[in-house]
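Only one structure is covered here, and it is reproduced in the block below.
Nothing in this text is a laboratory measurement; each read-out follows from the coordinates by a stated rule. Bear in mind the structure is a predicted one, so any value in this text is a computation, not a measurement. Please note: Cβ atoms are built from the backbone with ideal geometry, for glycine as well, and neighbour counts cover all protein chains shown.
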Amino acid sequence: MIGNFSFTRALLLTALLLPGWATAQSAATPQIPLLNQPALQSAKAQRSVLLAVTRAGERLVAVGERGIVLLSDDSGASWRQARVPVSVSLTAVQFVDAEHGWAVGHLGVVLHSADGGETWVKQLDGVRAAQLALASAEEGGDAKLLKAAEWLVADGPDKPFLDLYFSDRRHGYVVGAYGLILRTADGGASWQPWMQQVENPEGLNLYGIRAAGGALFIAGERGLLLRSSDNGQSFQALDSPYDGSFFGLLGSARGELLAFGLRGNAYWSGDRGASWQRIDTGVEVALSAATRLADGALLLASQAGDLLISRDQGRSFQHLAGPAGASIAGLVAAPDGSLIRVGLGGLTRQPRDLPSAQR
Amino acid sequence: MNDNNSSLEQQVVIGRLEDFDPRSGNLGERAIFNHRPWVILFCLLATLLLGYQASKIGLNASFEKTIPTSHPYVANFLEQRSELSGLGNSIRIAVAVEEGSIFDQGYLDTLARLNDEIYLLPGVDKPYMKSLWTPTTRWTAVTEEGLDGGTVIPDSYDGSPASLEEVRTNVARSGEIGQLVAANFKSSVIFVPLLEIDPQTGKALDAGTFSRRLEVLRDKYQGEGIQIHITGFTKIIGDLIAGLVQVMLFFVAAVLVTVAVLYWYTRCVRSTALVVLCSLVAVLWQIGLLASLGYDLDPYSALVPFLVFAIGMSHGAQKMNGIMQDVGRGTHRVVAARYTFRRLFAAGMTALLCDAVGFAVLMVIEIRVIQDLAITASIGVAVLIFTNLILLPILLSYIGVGAKAAARSLRAETAELSANGKHPFWSFLDLFTRRSWALGACLVGLALAIGGFAISLQLKVGDLDPGAPELRPDSRYNRDAAFMTQNYAASSDIFVVMVKTPEDQCTRYPTLAAVDALAWQLEQLPGVESTNSMAALSKIATAGYNEGNFKWYELIPNDGALGAVQTRAPRELFNQGCSLLSLYVYLADHKADTLARVVETSEAFIAQQRLPEVKFMLAAGSAGIEAATNIVVKKAMREMLFWVYGAVILLCWVTFRSWRAVLAAVLPLVLTSILCEALMVGLGMGVKVATLPVIALGVGIGIDYALYVLSVILARMRAGDSLSEAYYRALLFTGKVVMLTGITLAIAVATWAFSPIKFQADMGILLAFMFLVNMLGALILLPALAYFLLPQGLFEKKSEASGLLQPVGEA
């Protein structure tokens, strides 16, 4: 049955254009209990769908479906479930230090933790995000933006945030479906809709946001690549080397950049996105996650479970392990060097020396 | 039973028939014995007619009959059945390689040939059949332009290593791993949906025939490194029917063993043959009547002919015993037959009525198969009144008994009646009428009761073994089922919650969100492995719609997007009109605790459900039906015990008119019932449709023994005998028959222990146990209890009292 998700983008767009899409919603915006329903403490949390994993100092934090947040203080040997005030799928998580972190997810949810992930507070949800967008559009007076914001309110909180980037405890962005982007300068206490500052006229999905070499980059649907060189004040579209969708980004302080997405496509830029070169990955399925290991090597994963490694800052990758393992939605290196993978089948932990031993 | 008093008195010995007054005896006796040829003619005609009918009896193992159709869960399921396409009847055939992998030219060729043969079997729903070779098995991949795809085995397949490699790649991206192809690539499945009605013949699918055809194919293709595993409901039924045929052979074994026991007891070929003949006639009539009334023999009611035969044998033996003693004394065989009829007809009737009560009580259980069992058994017992209480004495009056045997019987009786000739075994049993032994027996009985009760508290409801509980755990089918669960993501224990919505509204967000919430609650329960529903599919589908990106894995509150999922969703998750959703809950087992937890959580969720126009209903799927069955069985268990003991106590009271005697008769039965439950715990059996009737049958038939023994004891004690004397007389007169009955019944049902059908084996073991323990209870515990409950003084006072009122006493 899982094999049946053979749906085309076109079908979804058709659905979008159906009259029922917006009107049915405006008639009766459904109550969404999940937005206020604390996540159930579940014995099956570790085997649930998990979509991202990161480090909060020495701690590992994984997030996924039904508001599940898992914490490990022993490099992934054992996990416990954190208290989360919502039950929606969480799609991405980032910690700026051992205490402060944010997680984003479906229904426009933004969560914040100030205690290393133990407890979380909801800072934003889709209902409020839409209202913010409407208020900001009314202020701006742009007719097109206003119409989009009205739609956003009418649709209800059906749009997910897909990624986030915080540079410190105060400054950060959350990005998501249909070009949704909001910015905060006070650690999430208030949020500003940032759509009007982004060159994304088609409202394409924004899948990843990262910093590299002093600039901010966003990657998204249909080859969308955006860069901000003015500290996030505005984002300009770059010449994209690829028509298909990018699912993620990985940047380095020196400005090297890796963008990856559909059908094993990955591109490398050594000049802050000005020019891109294609990387031969030898993988046919979508690339879903990348992470930097302690020794500086880069690890790139496919949704099917392929692992690729680069020791030259992303210029080239070698295939490490085939798709025999479980699917991968996110991965990170644990403090002890082992590799933590999350995906549709939950958590898996690979022993520490696997990536290096493979060479 | 009061006739027993007179039955104990010896009748006058009449050597010549002419000396006997044919007008003596009651109306019934005269009606029967003065028209013997007519009775025989009637029986002959009945035997011919019913014998012809019996030849038409069908074998059946209907699923619906074994479930409580009146329980709301089952009623919900039956009501929605036509909409639940995911629960349609299908067969899964796994074709496994012993070495290497399925990506092998030889394997794929074999699979293709088997696939083609199965495709041609009548009853297969051809368009929906699925295997690596069917064009419906496709792979898909997301590309920048949209989707790419094709059949898993490409049109260009030629068996070359390159094309085998292509098949391997296609399988990997087909999403069929765990579904059609095992994760270890050592087997693949042919999925065969079946049509309930064959459109060509218009007849219902014959499970027996279909199953045999599958076995032929299995024999043809298995071997040379290929193993074939077949599972599916139709295969279970097929195996049950095959088992039923085999069980009929056990009947022959049961007959032979009981004949041997009877011959050992009588040493008379003639009379043994007659008793066996009459008992077989009873079975023949019973089956003939069933066929005439439109019943089939199913794996449950197939037990009844064994019981009828065994009961017939013991009653027949009793008749023969009487006639033999009379003939031995010199009475003419016709007169002896009449005397025996006079003495034992009433006793036999009472005993058969008790049996009938035991059976009839089963009617309170609202499960068809048990009610059928009750009817079948009642018919059998009714038939026995004709064949063994009437026909047998008449036949004996013509044929008589062997002279040697008669003489031997008389010798034995005479020897036994002289005080010093007591058989050592009788002397041993007599010990239990003395204080110390009686006390010991009662204390042991009490200890057993307490211990047994403590163990019986762990008695579980429902089936406890994995796989198809109808069949033995090590049966071919269950080994195949274990193979399937090991290699494929398909649990056989499925609990389905049905969700009814208005037409075309099944994919509305609030409904799907509620289904998803229930699914998540259920997944937390121990024993729940996973769930599947339209909600779960919608999450995956949303990811699929969004270029396969996992981050879209969520139920999006957008009815347009959710509705779009419908077009590509498999039909088992929702119905044609989009008004019924199925939430599949896959369980690790079908233990009663697991089912009860799922039911409890679901019911609690449903009670809090406030969605207008949306109705959550329990329960379909094998586990859903089983949950309902467990609930009914658990309730029926108490009800049945109440009724069966109520009826038995009433019958005993009517017979004995003494609550002390009732206690003495019923307490041993209670002990047996408790021990039987303890045995079930020990053997790992649960209370289920098959074991439920056993307790009623055990108690109903078990009370016979107490009736036989205690009625004689009471009569003798009322006549002034001591307990010891009275018990000794009871042993001589009926005790032997009690033992014979206990042993023949136990043997007849014990043959079931070898049945390939698990629940028949369970029934056989439990019934044999109950018959034997009831017999021991009547012979050991009953006299011991009588020592305390029926002291001599009781009768002295009584006889004085009655003597005052009735100056003309028995003495």
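Report summary: the helix-based calculation at 222 nm, which adds -39500 (n - 2.57) for every DSSP H run with n ≥ 4 and divides by the residues of chain B, gives -20000 deg cm²/dmol. Note on the range B:508-595: the alpha carbon radius of gyration divided by the globular reference 2.2 N^0.38 Å gives 1.15.
In this Cβ point-charge picture (+1 for Lys and Arg, -1 for Asp and Glu), chain B has a dipole of about 3900 debye about its Cα centre.
Counted by neighbouring Cβ atoms within 10 Å, the residues A:GLU65, A:GLU150 run from fewest to most as A:GLU150, A:GLU65.
Taken about its Cα centre, chain A carries a charge dipole of about 580 debye when Lys and Arg each add +1 at the Cβ and Asp and Glu each add -1 at the Cβ.
Note on the range B:474-628: with charges restricted to the Cβ of Lys and Arg (+1) and Asp and Glu (-1), its dipole about the Cα centre is near 200 debye. Seen from all directions on average, the range B:90-204 presents a Cα convex hull projection of 8.3 nm². Contact order, relative form, for the range A:33-114: 28 percent (alpha carbon pairs under 8 Å, 6 or more residues apart, mean separation divided by residue count).
Quick one: plug the Kirkwood hydrodynamic radius of chain B (C-alpha pairs) into Stokes-Einstein at 4 °C, 1.567 mPa s, and report D in µm²/s. Using the Kirkwood radius from Cα pairs, D works out to 43 µm²/s.
Working note: 222 nm ellipticity from helices only, DSSP H runs with n ≥ 4, each -39,500 (n - 2.57), summed and divided by the residues of chain A, gives -4000 deg cm²/dmol to the nearest 500. The label-point distance for B:ILE40 and A:ASP97, in a model that sets each label 7 Å from Cα toward Cβ, rounds to 11.3 nm. Spin-label model, B:ALA204/B:ALA382: points 7 Å from Cα along the beta carbon direction are separated by 2.5 nm. B:ASP21 to B:ILE399: FRET efficiency via 1/(1 + (r/R0)^6), r the Cβ-Cβ distance, R0 30 Å, to the nearest 0.05? Approximately 0.85, to the nearest 0.05. Residue ranges B:287-296, A:264-273, B:776-785 sort as B:776-785, A:264-273, B:287-296 when ordered by packing (mean number of other C-beta atoms within 10 Å per residue, highest first).
Shown for chain B: cysteine residues without a partner Cβ closer than 4.7 Å, namely B:CYS43, B:CYS268, B:CYS278, B:CYS354, B:CYS442, B:CYS652, B:CYS676. When B:VAL681, B:VAL275 are sorted by how many other C-beta atoms sit within 10 angstrom of their C-beta, beginning with the fewest, the order is B:VAL681, B:VAL275. Note on B:VAL670 and B:GLU64: with the Förster distance fixed at 45 Å, the Cβ-Cβ geometry gives a FRET efficiency of about 0.80. With Cα atoms defining each centre, the range A:278-348 and the range B:261-328 are spaced 78 Å apart in the structure.
Of the residues A:SER316, B:SER131, the one with the fewest other Cβ atoms within 10 Å heads the list, and the complete ranking is A:SER316, B:SER131. The Cα-based radius of gyration and maximum Cα-Cα distance (Dmax) for the range A:54-95 are 10.0, 27 Å.
Here the extension length gained between A:ASP271 and A:ASP142 equals 43.0 nm, from 0.36 nm per residue of separation less the Cα-Cα distance. Amide H to amide H distances under 5 Å link A:VAL69 with A:ALA82, where only residues 5 or more positions off or on other chains count and H is placed in the peptide plane. Peptide A:157-167 shows a mean partner chain C-beta count of 3 within 10 Å per residue C-beta.
Based on the Stokes-Einstein relation at 37 °C and a viscosity of 0.692 mPa s, and on the Kirkwood radius from alpha carbon pairs, the range B:167-258 is assigned a translational diffusion coefficient of 200 µm²/s.
Toward the positive end of the charge dipole of the range B:90-204, with +1 on the Cβ of Lys and Arg and -1 on the Cβ of Asp and Glu, the farthest Cα among B:ALA112, B:SER156, B:LEU194 is that of B:LEU194.
Measuring between their Cα centroids, the range B:515-588 and the range B:595-614 lie 18 Å from each other. Taking one quarter of the surface of the convex hull spanned by the alpha-carbon atoms of the range B:474-628 gives a direction-averaged projected area of 10.1 nm². In terms of the mean number of neighbouring beta-carbon atoms within 10 Å, the peptides B:231-243, B:719-731 order highest first as B:231-243, B:719-731. Projecting the Cα positions of B:VAL124, B:ILE695, B:ILE747 onto the charge dipole of the protein assembly as shown (unit charges on Cβ atoms of Lys, Arg, Asp and Glu, taken about the Cα centre) puts B:ILE747 furthest along the positive direction.
When all alpha carbon pairs of the range A:225-340 are counted in 10 Å bins from zero, the resulting P(r) reads 14, 47, 31, 9, 0 %.
For the ranges A:212-221, B:194-203, what's the packing order if you count other beta-carbon atoms within 10 Å of each residue, average per peptide, and put the highest first?
Put in order of decreasing packing, that is A:212-221, B:194-203.
With viscosity 0.890 mPa s and temperature 25 °C, the Kirkwood radius over alpha carbon pairs of the protein assembly as shown converts through Stokes-Einstein to a diffusion coefficient of 70 µm²/s.
Calculated FRET efficiency, A:ALA185 to B:LEU611, Cβ-Cβ distance, R0 = 51 Å: about 0.75 to the nearest 0.05. Modelled label positions at B:TRP653 and B:HIS423, each set 7 Å beyond Cα in the direction of Cβ, lie 3.6 nm from each other. By the Cα gyration tensor, chain A has an equivalent ellipsoid whose semi-axes, rounded to whole angstrom, run 30, 24, 20 from largest to smallest. Short-range pairs are left out: with C-alpha atoms under 8 Å and at least six residues apart, the relative contact order of the range B:474-628 is 40 percent.
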